[in-house]
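Engineer: Structure in structure tokens, see below.
The values are calculated or read from the model by the stated rules, or taken from the named source; none is laboratory data. Note that the structure is a prediction, hence the values are computed from the model and not measured. A quick note on method: Cβ atoms are made from the backbone with ideal geometry, for glycine too, and the neighbour counts reach across all protein chains shown. Ligands, DNA and RNA are stripped out before the accessible areas are found, and what is left, the full protein with its side chains, is counted by its heavy atoms. Shrake-Rupley method; radii C 1.70, N 1.55, O 1.52, S 1.80 Å.
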Amino acid sequence: MDRLLLIDGHSVAYRAFFALPVENFATSTGQSTNAVFGFTSMLINVLRDEKPTHVGVAFDVSRRSFRTEEYPEYKATRQKSPEEFSGQVELVKEVLDALGIQHVQREGFEADDVIATLATQAEASGLEVLICSGDRDSLQLVTEKVTVLYPRKGVSDLARMTPTAVEEKYGVLPQNYPDVAALVGETSDNLPGVPGVGPKTAAKWLANYGSLSAIVDQAEAISGKAGQSLRDHLDDVLRNRRLNALVRDLELPVGPADLRHELAFDREQVNAVFDALEFTALRDRLFSTFAVPGAPAAAAAAAEAAVETTVLAAGELANWLEQYANGRIGLAVQGTWGRGTGQVDSIALASTEQAAWFDFATANASDQAALASWLADESRPKVMHDAKGQLLALCASGLNLAGLVADTALSAYLVRPDQRGYDLGDLCLQYLNRELDPSDNADGQLSLDTDNDAQSATARAGAVLDLADALATLVEDAGGADLLAEIELPLLSTLATMERTGIAVNEDVLVDLESQFAARAAEAQRLAYEAIDGKQINLGSPKQLQVVLFDDLQMPKTKKTKTGWTTDAEALRQLYAKTEHPFLEHLLDHRDVTKLRQTVETLRKSISDDGRIHTTYSQTTAATGRLSSNDPNLQNIPIRTASGRRIREAFCVGEDYETLLTADYSQIEMRIMAHLSEDADLIEAFNSGEDFHTVMAAKVFDRDPDQIDSELRAKIKAMNYGLAYGLSAYGLSQQLQISTGEAQGLMDEYFKRFGGVRDYLHGVVEEARRSTFTETMWGRRRYLPDLQSDNRQRREMAERMALNSPIQGSAADLIKIAMLKVEQAINEANLSSRMLLQVHDELVLEVAAGELDQVTALVRQQMGAAADLSVPLDVSVGVGPNW
């Protein structure tokens, strides 16, 4: 039987909002997403479990309806929707549009009325109907063919309300439920019932008299206080019954037949919406559960694109390469990689005419020689997808790669830098309308089926070849062709070399630090307990902290969340600044030290057998172009506190090397700001050779530099760095612990003095609003469609991104260029020193004996020459036995 699923969109989204902590669900633009996440998660589950053939979602248009016209107090006691909920209903509709699910609404009526109309029509035409709603009024629609899925807890636990279930819970048949509700009232709708009459009494009367109209007709015969109360409130009961009756005959733009849905979705549309919402896990769940529309066409495209595959036996590789590998070749390595090393299991090659696969373990000496020669030949172009891990595997097998002319993951990243993932299968569907074999081993692992391994691996190699062509034009259109060829592709081998090298670690230092931090955490915990008269609580439990802080200690309330008053670190620091209570002092110390201990523990577990830590760098994670580090993240090793700096002592110079050297750009964002804004006073401040922040403060406050004290310098320093991150007056006030008005005044004075900066920042946003993207000095684009959003929160976040992306992105491009220059200069000078880490604006090198002076000069020269700015690039160098 065909089955129609009808969902009360607003009801379910609102329940999801309160079921999921809003503070845990937000995009990088600041848009809250807990309601849309919960709704989407519930939708996927219900579609999977119920397998409806027809789907529709109903929404309220506004709080005004024919019910409020009759009774203005209807739902009047409901609080205004939380600010974080605003805009999420529109996001739910965007998800539905991407999934091809129709949504319906009707001015002057509620979503329940839309559902009642569609359910009535569907039942009459022979469809089974499921209604997902948290509004009990929908229970009046329940029949043998209509079931209500009522959320019991959150939106994941749904009760199936059949006629039997309704009767068991309320003591009446579904058609009589509105009579019970009329007598009892509905608090959430602000419909007062008969005082003293509950569901059991109402059900008893209905059992005795048969209907509400009969109860009203014989009200005089009902004895006792309840009977008198009924007679006193008959008008309320009759009004309630009129208002809770759902309208079943609305004129709607669609009927049940129009809601047919094949449970198959447009992958590209889903990718765009889910990327914007940053719903990576939900997207994976969706795609793993349901089909992709047009999948037969995508599969047919894959079959049509497939070329003949040859499984090469030992000794056959050289002939194949000679015959087919003269043009561009798609290359896919199967194996394992990570932590700076890897292993090759097999290799797939694809030309436009022929594909080949061979088991690396069976390759003989001639195969190895032919492969090594071809891989290292820069004149033989290769195309790969997400190549760096494969480079590690090849290098571990003694093979070097040259001639890489495209990496489709990097190309896709430059086209859409905000996309949350660059899976080859997704990209093939998105740009080629081609589906990779779902049995494909995307993780690179071999199966026991050689034919299957060969087919899926060569399909990947062939897809990469075609995808590179499809993306090349888009990269060009996005202004990223030079960026790809001159920075991102060359950087692949640089990063792979750094990952293979790793950085030496003194494990004894880490062991000692872990012990010390654990002891300090225990002491902080003891002192925290002592500060609350020995009461022992879980210092990591928000609920227990709420009791201590706001009930026991009666502290000022923080920001209200679904789970109570927030106890996050920022709120606690503000509380401590207000109260200076010792409990907060020790609690914050406990949190800081515990975090440091966890960092040390992670580092200890990451030490490889060679005594070094090998992080993994990603070029496609940050939309600004910054590199990211993970497994472990060596870009967030603390430096601003004495305790954090001690962790850096564990990173040391390795055996057979003399010292570590660090080189970082000083005030790089502000130097880029000076260059881009062309502000004469800002440029002069850098060219003066004096302390930059002091000179800037002197200009803003119109004083001599020697009259600038540390407080004034700190204010301008916060302003200087804040400008590069789109800092608001409120944000500045929080940093400096001053009023928002004072912060705004400081910003006004700053921009009055540096008009070029003001005009530049204003122009960046306006240009981005027109073009929908920002651009770095090297042409890296970041697309910001939310600049046109009618949602204020999203629009303002996009404006802050428009301010900082050109500056942060240019700084990211600059350090990448510096890395390439430094590596090239070291190689050309035939030095043994090597680059180990990149931490945003800083490079860490390991210097061989006798090479320190040469490497210092080389690094200063190459980093200083990475860009030609209107202000000098100042490079600070540090040297020592540990970081």
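Engineer: Taking the Cα of residue 829, stepping 7 Å toward and past its beta carbon, and measuring to each backbone N in the stretch 639-671: which are under 16 Å?
Structural biologist: Output list for this probe position: 658-664.
Engineer: So which lysines pass the test for residue 200, namely a Cα distance under 19 Å, with those fewer than 8 places away in the same chain ruled out?
Structural biologist: The reachable lysines, counting only those whose Cα sits under 19 Å from residue 200, are 169, 225.
Engineer: What are the membrane-span-like helices in the chain by this rule: whole DSSP H runs, Cα extent along the axis at least 30 Å, mean Kyte-Doolittle hydropathy at least -0.5?
Structural biologist: Working: long enough: 450-477 (41 Å, 0.08); 507-531 (36 Å, -0.16); 582-605 (34 Å, -0.78); 792-828 (53 Å, -0.39).
Qualifying helices, which must be both long enough and hydrophobic enough, are 450-477, 507-531, 792-828.
Engineer: Of 717/821; 80/560; 145/204; 715/752; 543/605; 51/93, which pairs sit farther than 23 Å apart, going by alpha carbon to alpha carbon? Intermediate values should be presented prior to the final figure.
Structural biologist: Working: 717/821 31 Å; 80/560 15 Å; 145/204 27 Å; 715/752 16 Å; 543/605 32 Å; 51/93 21 Å.
Where the Cα-Cα span goes over 23 Å, the pairs concerned are 717/821; 145/204; 543/605.
Engineer: Please find the FRET efficiency linking residue 563 to residue 649, where r is the Cβ-Cβ separation and R0 is fixed at 35 Å, and quote it to the nearest 0.05.
Structural biologist: Details: r = 39 Å, r/R0 = 1.12.
Efficiency, from the Cβ-Cβ distance: 0.35.
Engineer: How high is the relative contact order of the stretch 595-732, in percent, with contacts defined as C-alpha pairs under 8 Å that are six or more residues apart?
Structural biologist: Averaging sequence separation for qualifying contacts and normalising by length gives 11 percent for the stretch 595-732.
Engineer: Keeping every protein chain in place, order 721, 324 by accessible area at 1.4 Å, biggest value first, i.e. largest first. Mind dumping the intermediate values first?
Structural biologist: On the way: 721 70, 324 50 Å².
Most to least solvent-accessible, the answer reads 721, 324.
Engineer: Quick check: residue separation of residue 235 and residue 766 times 0.36 nm, minus the Cα distance between them. What number comes out in nm? Each step should come with its number before you reach the end.
Structural biologist: Numbers: separation 531, 0.36 × 531 = 191.16 nm, distance 5.96 nm.
Residue separation times 0.36 nm, minus the Cα-Cα distance, leaves 185.2 nm.
Engineer: Still on this model: Which of the aspartates and glutamates could be linked to residue 699 by a straight reach, that is with a Cα gap under 14 Å, when you skip same-chain ones fewer than 8 residues away?
Structural biologist: 679, 681, 684, 690, 691, 709, 748, 749
Engineer: Right, something else. I need to check one value: relative contact order of the chain, counting alpha carbon pairs closer than 8 Å and at least 6 residues apart, in percent. Let's see the in-between values first.
Structural biologist: Details: 1492 pairs, mean separation 85.5, N = 883.
Taking the mean separation of contacting Cα pairs over the length of the chain, I get 10 percent.
Engineer: I would also like to ask the following. So how much accessible area does residue 337 have, in Å² to the nearest 10, using a 1.4 Å probe?
Structural biologist: 100
Engineer: How long is the gain from residue 352 to residue 678 if the chain were fully straight, where each residue apart is worth 0.36 nm and the alpha carbon distance is subtracted? Before the final figure, lay out each step's value.
Structural biologist: Working: separation 326, 0.36 × 326 = 117.36 nm, distance 5.03 nm.
Additional length available on full extension: 112.3 nm.
Engineer: How would 794, 160 rank on accessible area, largest to smallest, probe 1.4 Å?
Structural biologist: Values: 794 35, 160 115 Å².
Of 794, 160, the descending order of accessible area is 160, 794.
Engineer: Could you give P(r) for the chain, binned at 20 Å from zero, as whole percent values over all Cα-Cα pairs?
Structural biologist: Reading the bins upward from 0: 12, 34, 35, 16, 3, 0.
Engineer: Sticking with this structure for a sec: Of all accessible surface on the chain at a 1.4 Å probe, what whole percent is carbon and sulfur?
Structural biologist: Details: 17970 of 38450 Å².
Reported share for carbon and sulfur atoms: 47 percent.
Engineer: Take every Cα-Cα pair in the stretch 446-511 and report what % of them are more than 20 Å apart. Could you put the intermediate results ahead of the total?
Structural biologist: On the way: 1331 of 2145 pairs.
Tail of P(r) above 20 Å: 62 percent of Cα pairs.
Engineer: Given the C-alpha atoms of the stretch 1-131, compute the convex hull and give its volume per residue in Å³. Don't skip to the answer; put the middle values down first.
Structural biologist: On the way: hull volume 14.8 nm³, N = 131.
About 113 Å³ per residue, rounded to a whole number.
Engineer: Excluding ligands and nucleic acids, what accessible area in Å² is computed for residue 262 using a 1.4 Å probe, to the nearest 10?
Structural biologist: For residue 262, solvent-accessible area is about 140 Å².
Engineer: Taking R0 as 41 Å, what's the FRET efficiency between residue 124 and residue 788 from their Cβ-Cβ distance, rounded to 0.05? Walk me through the numbers before you get to the answer.
Structural biologist: Details: r = 44 Å, r/R0 = 1.08.
About 0.40, to the nearest 0.05.
Engineer: Extending each Cα 7 Å along its Cβ direction at residue 322 and residue 262, get the distance between those two points in nm, one decimal.
Structural biologist: 5.0
Engineer: Of the beta bridges DSSP finds with both residues in the chain, what % are antiparallel, to the nearest 5? Write out the running numbers ahead of the final one.
Structural biologist: Details: 53 of 79 bridges.
Looking only at bridges with both residues in the chain, the antiparallel portion is about 65 percent.
Engineer: Sort 655, 83 by accessible area with a 1.4 Å probe, largest first.
Structural biologist: Working: 655 160, 83 125 Å².
Reading off the accessible areas and sorting them downward yields 655, 83.
Engineer: Based on the Cα atoms of the stretch 683-755, what semi-axes does the equivalent ellipsoid have, where each is the square root of 5 times one gyration tensor eigenvalue, given in whole Å with the largest first?
Structural biologist: On the way: eigenvalues 81, 33, 24 Å².
In descending order, the three semi-axes are 20, 13, 11 Å.
Engineer: May I ask for the Rg/Rh ratio of the stretch 57-109, computed from Cα atoms with Rh as the Kirkwood radius, given to two decimals?
Structural biologist: On the way: Rg = 13.5 Å, Rh = 12.8 Å.
Rounded to two decimals, Rg over Rh is 1.05.
Engineer: I'd like the accessible area for residue 404, computed on protein heavy atoms only with a 1.4 Å probe and all protein chains in place. Round to 10 Å², please.
Structural biologist: 40
Engineer: Shape call for the stretch 91-166 from the C-alpha gyration tensor, a ≥ b ≥ c root eigenvalues: rounded (a/c under 1.5), prolate (a/b greater than b/c) or oblate?
Structural biologist: Because a/c hits 1.5 or more and a/b fails to exceed b/c, the stretch 91-166 counts as oblate.
Engineer: Ok, one more. At 7 Å along Cα-to-Cβ for each site, give me the label-to-label distance between residue 254 and residue 547 in nm.
Structural biologist: The two pseudo-label positions are separated by 4.9 nm.
Engineer: Oh, and also: Taking the Cα-to-Cβ direction at residue 188 and at residue 51 and moving 7 Å from each Cα, how far apart do the two end points lie in nm?
Structural biologist: Label at residue 188, label at residue 51, 3.2 nm between them.
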